Amino acid sequence: QVQLVESGGGLVQPGGSLRLSCAASGLAFSVYYFGWYRQAPGKQRELVAGITSGGSTNYADSVLGRFIISRDNAKNTVYLQMNSLKPEDTAVYYCNARVSMPGYWGQGTQVTVSS
């Protein structure tokens, strides 16, 4: 049974940082593409960052230069380092693992950026 468990969300002030983690089990971790998505209230879920099995990364324009996605195949974990956070980054962040769509989803972790 595949499980993706996100953690690391919380409340942070504008300009602050958070690191999200996605711990995966029940799958051949190293061959999967992983994506971090987010969904704000009243908005569609959007891709924030992705990382291929080979380590290539892609980012949404809105987070480029502020967020960094990485993976640790030995720990079956994907990370999203979020720096210089803005109020518009407030959302539920989801981890997705796939070889092809739709793949598997975690339950999400709330990130709130507010003073």
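The values are calculated or read from the model by the stated rules, or taken from the named source; none is laboratory data. All values derive from a computational prediction rather than experimental measurement. Methodologically, a virtual Cβ is constructed for each residue, glycine included, from the backbone with ideal geometry; neighbour enumeration extends over all protein chains shown. Heads up: the accessible areas ignore ligands, DNA and RNA and are worked out on the full protein's heavy atoms, side chains in. Shrake-Rupley method; radii C 1.70, N 1.55, O 1.52, S 1.80 Å.
Contact map, segment 71-87: residues that are free of Cβ contacts under 8 Å to residues at least 60 places away in the same chain paired with residues that are open to solvent by 30 Å² or more (accessible area, probe 1.4 Å) and hydrophobic (A, V, I, L, M, F, W, C), Cβ distance under 8 Å, separation 6+ or inter-chain. Pairs shown: Lys75/Ala23; Asn76/Ala23; Thr77/Ala23.
Looking only at segment 86-108, residues that are of a type in the set (A, V, I, L, M), open to solvent by 20 Å² or more (accessible area, probe 1.4 Å) and farther than 22 Å from Gly15 by Cα come to 2 in all. The lone criterion from (1) open to solvent by less than 50 Å² (accessible area, probe 1.4 Å); (2) without any contact (Cβ under 8 Å) to a residue 60 or more places away in the chain left unmet by Thr57 is number (1). On inspection, Val111 qualifies as open to solvent by less than 20 Å² (accessible area, probe 1.4 Å), farther than 14 Å from Gly35 by Cα and either touching a residue at least 40 places away in the same chain (Cβ under 8 Å) or outside any strand (DSSP E or B) (or both).
Taking the residues in segment 12-23 that are in a strand (DSSP E or B) and open to solvent by 10 Å² or more (accessible area, probe 1.4 Å) as candidates, determine which candidate is nearest to Ser100 (Cα to Cα). Give the steps one after another, and end with the answer.
Keep residues of segment 12-23 that are in a strand (DSSP E or B), which gives 12, 18-23.
Okay, now just the ones that are also open to solvent by 10 Å² or more (accessible area, probe 1.4 Å), so 12, 18-19, 21, 23.
Values: Val12: 34, Leu18: 29, Arg19: 26, Ser21: 22, Ala23: 19 Å.
For segment 12-23, the residue satisfying everything is Ala23.
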